[in-house]
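Written out below as structure tokens is the structure these notes cover.
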Amino acid sequence: MKVLISIDDTDNLDSPGTGALAAEIARMIRVRNWGQTFCITRHQLYIHPAIPYTSHNSAMCFAADIDPACTETMIAASAEFLVEQSAVGSDPGLCVVRTETCTDPGALVGFGQAAKSQVLSKEDAYCLARRLRLHLSEHGGTGQGVIGALAGAGLRLSGNDGRMRGRLTLSGDASQITVKALREHRDIDAVQTLAGELLPDSTLINLGDKVKTVLLGGGSTLLVTEEVAGAVARWRTCSNQELKGY
Amino acid sequence: MGEYAGGKEEFAAVALRAAACRDFIEDDADEWVADEAQSCYNCRARRWTATSFVCMRGQL
């Protein structure tokens, strides 16, 4: 069964971040043989004085393929994990979406997109979760994290929001690589320019220090930008600064 | 400390500030937005606001 697992508001200024907790939940799923997990995405939500957040207001989400017999156990264990591991003063929320049976994916995506530019309430989140029969639960504090958890799932489902957690490890120490070789990497689905142009397989790309993909077009997409004049390759991978809007 | 007056695009200036700051602590790398590792924009003590950030050092 394909699911999205999304969490938010689990940290404080000196605790491990929400991404680290998402990675631990994913690891638990694999270790206990409940299923397979896929990359974690970070989704930026609205920054507004009326919204309580630690430092950046981002939700973390990952997809998983879970043995249907283990789904409820997995949800209960994830909730228990959040209770135990979330930081003092945090307001953790957990959302689990069964993507194949979600009755109105457009509404879920719409909630995620709204959470990037509007102040939403817990009632808004619970109301939609009830209507779509999604799992949405709070695990401490004010439980305000349910809003971001639901939004994170919606944005992941949109296929067009957020950066992948972590950076890619590429074999070898070459400073240039072809698009074909990049697309053969298990964590890269597409290579395209910031303007949205897909590059031919033979195109050579200069690799930066950190190679990171974003969620675009439903896949893990490596964005590249034009090199300075005179460089060996015409394109290079994007820097942190160039990816900050994703 | 109040909100940083320079906003979110003053990369060179906040790299200099962070270089001179004894309280700088790198945030999780997934939260980095500056290319310079030592930058207020990459610091665990910065709290983003709509137009800039507030330095929360002393609260860590």
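The values are calculated or read from the model by the stated rules, or taken from the named source; none is laboratory data. Predicted model only: the values in this text are computed from it and were never measured. Virtual Cβ from ideal backbone geometry, glycine too; neighbours counted across all protein chains shown. The accessibility values were calculated without ligands, DNA or RNA, using every heavy atom of the protein model including side chains. Shrake-Rupley method; radii C 1.70, N 1.55, O 1.52, S 1.80 Å.
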*Express the C-alpha Rg of region A:167-243 as a ratio against the empirical globular expectation 2.2 N^0.38 Å, rounded to two decimals.*
0.98
*asked:* Which positions within region B:1-45 get 20 Å² or more of their accessible surface covered by the other protein chains, compared to the chain by itself, with a 1.4 angstrom probe?
replied: B:9, B:11, B:28, B:30, B:31, B:32, B:33, B:35, B:44
*Let me know the shape class of region A:1-141, please: from the alpha-carbon gyration tensor, a ≥ b ≥ c as square roots of the eigenvalues, rounded when a/c is under 1.5, otherwise prolate if a/b is greater than b/c, or oblate.*
oblate
*With labels modelled as points extended 7 Å from the Cα through the Cβ direction, what inter-label distance (nm, one decimal) is found for residue B:26 paired with residue A:142?*
3.3 nm
_Chains A and B together, accessible area buried on both sides, 1.4 angstrom probe, square angstrom_ = 1800 Å²
_Under a crude label model (7 Å from the Cα following the beta-carbon direction), how far is residue A:28 from residue A:184 in nanometres?_
3.8 nm
_Out of the total accessible area of chain B (probe 1.4 Å, heavy atoms of protein only), what percent is carbon and sulfur?_
50 percent
*Highest mean first, what order results for A:5-17, A:48-60 on Cβ atoms within 10 Å?*
A:5-17, A:48-60
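Contact order normalised by length for region A:2-162, with contacts defined as Cα pairs under 8 Å and 6 or more residues apart; what percent is it?
Relative contact order comes out at 34 percent.
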_Accessible area (Å², per residue) of chain A, counting only protein heavy atoms and a probe of 1.4 Å_ = 45 Å²
*Placing +1 at every Lys and Arg Cβ and -1 at every Asp and Glu Cβ, with all other atoms neutral, what dipole size does region B:11-55 have around its Cα centre, in debye to the nearest 20?*
300 debye
_Computed lengthening from residue A:1 to residue A:195, 0.36 nm per intervening residue step minus Cα-Cα distance_ = 66.3 nm
_If I model a spin label at residue A:133 and residue A:38 as a point 7 Å from the Cα along the Cα→Cβ vector, what separation in nanometres do I get?_
2.3 nm
*For chain B, report the accessible area per residue in Å² (1.4 Å probe, heavy atoms, rounded to an integer).*
51 Å²
*Determine the dipole magnitude for region A:2-162: charges of +1 sit on the beta-carbon of Lys and Arg, -1 on that of Asp and Glu, nothing else is charged, the reference point is the Cα centre, and the result goes in debye to the nearest 20.*
380 debye
*What part of the accessible area of region A:1-42, given as a whole %, is carbon or sulfur when the probe is 1.4 angstrom?*
52 percent
*Before anything else, pin down the relative contact order of region B:11-55: Cα pairs under 8 Å, at least 6 apart, normalised by residue count, whole percent.*
36 percent
*In the P(r) worked out for chain B, what percent of Cα pairs fall beyond 12 Å?*
61 percent
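Under 17 Å between alpha carbons: how many lysine pairs meet that in the protein assembly as shown, if sequence neighbours fewer than 8 apart on the same chain are excluded?
Lysine pairs satisfying the spacing and distance rule in the protein assembly as shown number 5.
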*asked:* Could you work out what % of the accessible surface of region A:167-243 is carbon and sulfur, using a 1.4 angstrom probe and leaving DNA, RNA and ligands out of the count?
replied: 47 percent
*Over the Cα atoms of chain A, what is the Rg over Rh ratio if Rh follows Kirkwood?*
1.00
_Shielded by partner chains, region A:52-86 residues - at least 50 Å² of accessible area, 1.4 Å probe, vs chain alone_ = A:53, A:55, A:56
*So, with +1 on the Cβ of K and R and -1 on the Cβ of D and E, and no other charges, what is the size of the charge dipole of the protein assembly as shown about its Cα centre, to the nearest 20 debye?*
220 debye
